[in-house]
Amino acid sequence: MRLSVEGVSVRFAGISALSSLSLAVAAGERLGVVGPNGAGKTTLLNVVTGLVRPVAGAIRLDGHTLTGLPPDAVARAGVARTFQTPRLFSRLTVAQNVRAGRPLDAEPWLRLVGLLPRRGDLAAALTPGEARRLELARALAGSPHVLLLDEPCGGLGPTETEDIAALLDRAVAPATIMVVVEHKLRVISRLCARVAVLHLGEKIFDGPPTALRADRRVLEAYLGKSRAS
Amino acid sequence: MSDYFVSLLIRIGIEAFVALSAYLLLLMGRMSFGQQGFFVIGAYAAGLATALYGMPLLPGVALGALVAALGGALFAGPMAAPRGLAFAAGSLAFGELVRVALLDLYFQGQVGPDLIGPAGPDGFRGIRALFTSGVSVTTYAVGIWLALGVTLLATAFFLRSRWGEALRMIGEDEEAAATVGLPVRRVKVSALAGAGGLAGLGGGLFAHYATYVEPGHADVMLGVHSLAYAFIGGLGTPLGPIIGVALDIGFLESFRFLAGYRMIIFGGLVMGLLIVRPRGLLDEVAVHRLSRFLMRGRR
Amino acid sequence: MVDFLQALVDGVMLGATYSLLGLGFTLIFGVLRRLNLAFGPTILVGIYAGSHLSLAWPGALVPVVAVTVAGALLAGVYVERFSFRALARQAPVVSMISTFAVWMQLQELVSLLSPSRTMPYPSPVWLPAVAVGPILLRSDGLLMWSGATLIMLALFALLYRTRFGTTIRAVADSSEAATLMGVNVAMVGAAAFLVASAVGGLAGVLIAQSHQQVTPYFGLWATVKGMTAMLLGGAGSLPGAVVGGLALGVVETQTLWHFGGQWRDLVSYALLFLVVALSPRTRWGSGL
């Protein structure tokens, strides 16, 4: 299993959000994606899931082209995701959110994320931390080949962040391709052996997190040219 | 039963089908101002089947509903994707298109001594299958309510199924629903077809009660009222729209002194309710609490 | 050829009033990001008020115009208060539902207060028609066109040449940014609503003097025309609404000339349907 992004470009109203970006992630590999605001991280997830169409390039999963497929077909091909702010179905129950119209049993997944006691509540009643865990359970429940996480620990305190990281370590099947967009470098270094840095829609770094702080272009992107030198 | 009461029952029953069809689409997050179009499509088709081609009453009405459902599926071709304002505008245009097109529809045939069939602005007269089959109006009223009961049970069943969950998911966040693999387009097409069929069923029942149907029956106010009924009763249960219809036609209209002011009062009721309960009296939260409460009682 | 030109001229004269309706819609939609389905019915209230006055006081044209605009304004204030300001915290779609509840009310109200369904509306019929070569410019059409053009010029001067107009456009552009700059967005929204209602009332005067009568169906008619003009122009663009209105007017009169009256409405509704069907992924498609 291999997810490859090949020379993908995305434009919004003439402004380039991603410019000929290429990335390949192998089965079992966990890629962290970092970068300043507006770097194109969420756009990357959107273009892989089919919510946004690229103007150029292709996205393939194990040789099958995903580009141009509607989002639901991409999902059925085995790509699951979470959103920067959880997008739950607030008027459905917690268990219904995990099933999300699929023929599966919600209970094991709810147990996994510790929400089993709340299965009968409406999703609107959850705390932000619980909402994150529920969205994660929904993404995991389809047993996806590819799991795309958009700031899974965004807006959470240190304890909850640790909970989510531990949960991901424990719950994600070993062969799953995982891509994590995250601001907190600590989470990335803990979960991922490899990290890509995006800046203004281009990939400026791809390597182990330990090499990140020594990279000149990364420092420039984060700190500005003068201070980096 | 008095004649007035029977006619009231029939009107509530028929309107309930249209309100239910608007309700189904509201669950999917689509506000349709065009369900009256499917209502008259069903009415004309059922009328043609019985009056012109001699079909018996029940299969004729069923055929009318089927034709309207087919219309709904075709309507879904261009209208499955638009939402919000775009869907509202497109459905309004559709409803009016049907009305205007019927003004020009002439399709008459010789039945016995009479010319029967749609005659443009004069409408379609002589749909007499109900009375030639010897069914009394009271029996018809009972039949309509039986059909409504069955439809309600079926709707409730569908809404509890995965399909119903899918409908609500699309209504809340279509993109999120797609990213978990829900076949959004298929669900939307089936809902639009189903909603068309429900409105068409109401139309066929109406045509045989009134014995005629005309382009004016596709007045946009029918669609507007159906939406209001679905809203005032609440989006949490398919009983919501029925409550809405009963409240308006059954309750407000039976006060004779309110006669002319009915729409003003009803409109004000909807307006005021929206400020405190934007998803109607029995909204999802209320229904959820209620069902929990009932379950607890059973334990 | 002459037929084509005549229909074109008639279309532009008619379309100018559609442009006005489209501008009213766009003002409200642009600033509040909400759709006012009761826009047509508020104008209906104004026209009926004007009609009543003209029956009681024949020949008083200026007071009739004033009362028509005042009626539309009053109804506009009602809609703004209960369907928009009271629901500002709710999803935009809730306002849309509320406006159709108001629509039911206003339509019933004018029917109740009027002796007959069809009410007369005065027209300055003494104005002569003007012939330019083979093209005949009817007085009611000329009045529609010149009136609408003057109102549009005044509106664009207000929106593009005054501080108030700049504020309105800033809010329409981004209400978040405007809030950060210290603009009271709610106040601006209400003001835009009133301007739109006044424009609607004036458009109502011009249209009603041409029709010389009005029925309760006018509410829906005006809502559909305004919505079509706005959507044809790209939903949210003021110049776009002007072009959209003119285009709608021309399409209608050309259809009328070449295919006959019964096709006119069919084509204008089909146009609205097509606009929606062919641009499903525009920002107004998903914005609400």
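The table below lists the values:
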item	result
Selection within the range A:200-223 - charged (D, E, K, R), modelled with pLDDT of 80 or more and not in a loop (DSSP other than H, G, I, E, B)	A:Glu202, A:Lys203, A:Asp206, A:Arg216, A:Arg217
Boolean, B:Arg99 is crowded, with 21+ Cβ neighbours inside 10 Å, within 11 Å of chain C (Cβ to nearest Cβ), touching a Pro at 6+ places or on another chain (Cβ under 9 Å) and more than 21 Å from B:Asp219 (Cβ to Cβ)	no
All helices (runs of 4 or more DSSP H) inside the range B:221-299 with 3 or more residues being touching a helix residue (DSSP H, G or I) at 6+ places or on another chain (Cβ under 9 Å) and either within 10 Å of chain C (Cβ to nearest Cβ) or aliphatic (A, V, I, L, M) (or both)	B:239-245, B:262-276
Any hit, the range C:215-222, residues being within 29 Å of C:Arg169 (Cβ to Cβ) and polar (S, T, N, Q)	no
Residue check, A:Gly114 out of contact with any Ser or Thr (no Cβ under 7 Å at 6 or more places or on another chain) and farther than 13 Å from A:Leu168 by Cβ	yes
Filter pass, C:Ile135 being of a type in the set (Val, Ile, Thr) and buried (at least 17 other Cβ atoms within 10 Å of the Cβ)	no
Subset tally (residues that are over 14 Å from the mean Cα position of the chain (by Cα) and either closer than 26 Å to A:Val10 by Cβ or polar (S, T, N, Q) (or both)) for the range A:167-193	2
Flag for C:Thr68 being β-branched (Val, Ile, Thr), crowded, with 23+ Cβ neighbours inside 10 Å and away from every other protein chain (no Cβ under 14 Å)	yes
C:Ser210 vs. criteria within 14 Å of C:Ala16 (Cβ to Cβ) and either outside any helix (DSSP H, G or I) or at pLDDT below 90 (or both)	yes
Test: B:Arg30 is at negative phi, in contact (Cβ under 8 Å) with a residue 60 or more places away in the chain and either touching a strand residue (DSSP E or B) at 6+ places or on another chain (Cβ under 9 Å) or not in a helix (DSSP H, G or I) (or both)	yes
Qualifying residue in the range B:57-65 (condition: in a helix (DSSP H, G or I) and facing chain C (nearest Cβ under 10 Å))	no
Residues of the range B:16-32 satisfying the condition of being of a type in the set (A, V, I, L, M) and more than 11 Å from B:Ala88 (Cβ to Cβ)	B:Ala16, B:Val18, B:Ala19, B:Leu20, B:Ala22, B:Leu24, B:Leu26, B:Leu27, B:Met28
Answer residue from the range C:87-106, given it is polar (S, T, N, Q) and within 7 Å of chain B (Cβ to nearest Cβ) and is nearest to B:Gly268 (Cα to Cα) among those	C:Gln105
Candidates C:Glu252, C:Glu176, filtered to the one that is over 14 Å from C:Thr26 (Cβ atoms), at pLDDT 85 or above and of a type in the set (Asp, Glu)	C:Glu252
Enumeration of residues in the range B:74-96 that are at the interface with chain C (Cβ under 7 Å from one of its Cβ atoms) and of a type outside the set (A, V, I, L, M)	B:Pro78, B:Pro82, B:Arg83, B:Gly84, B:Gly90, B:Phe94, B:Glu96
Among the residues listed as C:Ala190, C:Ala198, the single one being surrounded by fewer than 20 Cβ atoms within 10 Å (Cβ to Cβ) and at pLDDT below 90	C:Ala190
The range B:178-210, residues that are within 20 Å of B:Val220 (Cβ to Cβ) and surrounded by fewer than 22 Cβ atoms within 10 Å (Cβ to Cβ)	B:Ala210
Index of the failed condition, C:Ala229 passing every other in (1) farther than 26 Å from C:Ser123 by Cα; (2) within 14 Å of chain B (Cβ to nearest Cβ)	(1)
Test: residue in the range B:105-124 that is among the hydroxyl-bearing types (Ser, Thr, Tyr), exposed (fewer than 15 other Cβ atoms within 10 Å of the Cβ), outside any helix (DSSP H, G or I) and away from chain C (no Cβ under 14 Å)	no
Residue check, A:Ala124 of a type in the set (A, V, I, L, M, F, W, C), surrounded by fewer than 20 Cβ atoms within 10 Å (Cβ to Cβ) and more than 12 Å from every other protein chain (Cβ to nearest Cβ)	no
Selection status of B:Ala62, surrounded by fewer than 23 Cβ atoms within 10 Å (Cβ to Cβ), under 27 Å from C:Arg33 (Cα atoms) and either in contact with a Ser or Thr (Cβ under 9 Å, 6 or more places away or on another chain) or of a type in the set (A, V, I, L, M) (or both)	no
Extreme residue, surrounded by the most Cβ atoms within 10 Å (Cβ to Cβ), among residues of the range A:141-153 that are more than 12 Å from the chain's Cα centre (by Cα) and part of a loop (DSSP other than H, G, I, E, B)	A:Pro144
Sole residue being polar (S, T, N, Q) and either within 11 Å of chain B (Cβ to nearest Cβ) or in contact with a helix residue (DSSP H, G or I) (Cβ under 8 Å, 6 or more places away or on another chain) (or both), chosen from A:Thr93, A:Thr42, A:Thr67	A:Thr93
Conditions (1) under 13 Å from the mean Cα position of the chain (by Cα); (2) at pLDDT below 90; (3) assigned to a helix (DSSP H, G or I); number of the one not met by A:Ser226	(1)
Condition met for A:Ala214 (farther than 16 Å from A:Leu136 by Cβ, of a type in the set (A, V, I, L, M) and in contact with a Leu (Cβ under 7 Å, 6 or more places away or on another chain))	no
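Residues checked against (1) farther than 24 Å from C:Leu150 by Cα; (2) in a loop (DSSP other than H, G, I, E, B); (3) in contact with a helix residue (DSSP H, G or I) (Cβ under 9 Å, 6 or more places away or on another chain):
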{"site": "C:Phe29", "(1), (2), (3)": "no, no, yes"}
{"site": "C:Arg34", "(1), (2), (3)": "yes, yes, yes"}
{"site": "C:Leu44", "(1), (2), (3)": "no, no, yes"}
{"site": "C:Ser98", "(1), (2), (3)": "yes, no, yes"}
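Residue by residue, here is whether (1) over 22 Å from the mean Cα position of the chain (by Cα); (2) of a type outside the set (Gly, Ala, Ser) holds:
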| position | (1), (2) |
| --- | --- |
| C:Leu150 | no, yes |
| C:Leu153 | no, yes |
| C:Ala157 | no, no |
| C:Thr162 | yes, yes |
| C:Val171 | no, yes |
| C:Glu176 | yes, yes |
| C:Val188 | no, yes |
| C:Ile207 | no, yes |
| C:Phe218 | no, yes |
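Yes/no per residue for (1) aliphatic (A, V, I, L, M); (2) surrounded by fewer than 14 Cβ atoms within 10 Å (Cβ to Cβ):
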residue: C:Ala38; (1), (2): yes, no
residue: C:His52; (1), (2): no, no
residue: C:Val64; (1), (2): yes, no
residue: C:Gly76; (1), (2): no, no
residue: C:Val79; (1), (2): yes, no
residue: C:Met96; (1), (2): yes, no
residue: C:Ala129; (1), (2): yes, yes
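The values are calculated or read from the model by the stated rules, or taken from the named source; none is laboratory data. Just so we're clear, the structure is a prediction, and the values are computed from it rather than from any experiment. Glycine gets a Cβ as well: all are built from the backbone with ideal geometry, and neighbour counts include every protein chain shown.
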